[in-house]
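One structure is given below, encoded as structure tokens.
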Amino acid sequence: MKKAWNIVSSILVGIVVLLAVFLMGSRLVGYQVFNVISGSMEPEYSVGDLIYVKKVNTKDIKVGMPITFVLNEDLVVATHRVIEIDAENQHFYTKGDANEIADNDPVHFNNVIGVPQFSIPLLGYVSDFIQNPPGTYITVGVGAVLILLVFLPDFIGKRKKEEENTGETTKLETE
């Protein structure tokens, strides 16, 4: 029973660690992570995908590349494909792959966050859940339970062993 318990708890902890690496560890290697919340770039990026964006020099961006940028003064972030570059005025003209028409406003070079490098389908739903209540509370609770699951068997085994040793000592003293 203890061996099965250790295997299950180790697998659960491994899953949590992998999720943490994909959701937060990527920042250590220079990626910014964004949830896809609209279908404007389908089929390349679908709603619920998590995209990993790397900062690049705007001179390296070419027509046809998707870029992630700050869309407006409310700091809404979007990812659309570059369809034209106006180097003189430092603007990119963009369009979502699923959109019929180009975006109304050009993207100034300063508003470019970077270029998507890869995406993980559906992980955006997990990220969104974890970042907002009640998902945050559930995640903290699950983390606490996992920590207990990892250490509880050892604690119970240690107490049983102490009780057995204490009982043997008492028996010997009374004989």
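None of the figures in this text is laboratory data; all of them are computed from the coordinates on show. From a predicted model like this one, the values you see are computed outputs, not experimental measurements. With ideal geometry, Cβ positions are generated from the backbone for all residues, glycine too; neighbour counts draw on all protein chains shown.
Just a few scattered comments:
- Neighbours of N99, meaning other residues whose beta-carbon lies under 13 angstrom from its beta-carbon, give a summed charge of -3 when Lys and Arg score +1 and Asp and Glu score -1.
- Pairwise label distance in nanometres, Q117 with A4, each label 7 Å out on the Cα-Cβ vector: 4.2
- With the charge dipole of the chain set up from +1 on Lys and Arg Cβ and -1 on Asp and Glu Cβ about the Cα centre, the Cα lying farthest toward the positive end among the listed residues L71, L122, L146 is that of L146.
- Note on the chain: with charges restricted to the Cβ of Lys and Arg (+1) and Asp and Glu (-1), its dipole about the Cα centre is near 680 debye.
- Extension gain for V76-R27 works out to 15.7 nm (0.36 nm per residue, less the C-alpha to C-alpha distance).
- Over all pairs of different C-alpha atoms, the stretch 27-99 has a mean inverse distance whose reciprocal, the Kirkwood radius, equals 13.1 Å.
- For the chain, lysine pairs with C-alpha atoms less than 21 angstrom apart, excluding pairs fewer than eight positions apart on the same chain, total 14.
- If R0 is taken as 22 Å, the Cβ-Cβ distance between K59 and D97 corresponds to a FRET efficiency of 0.40.
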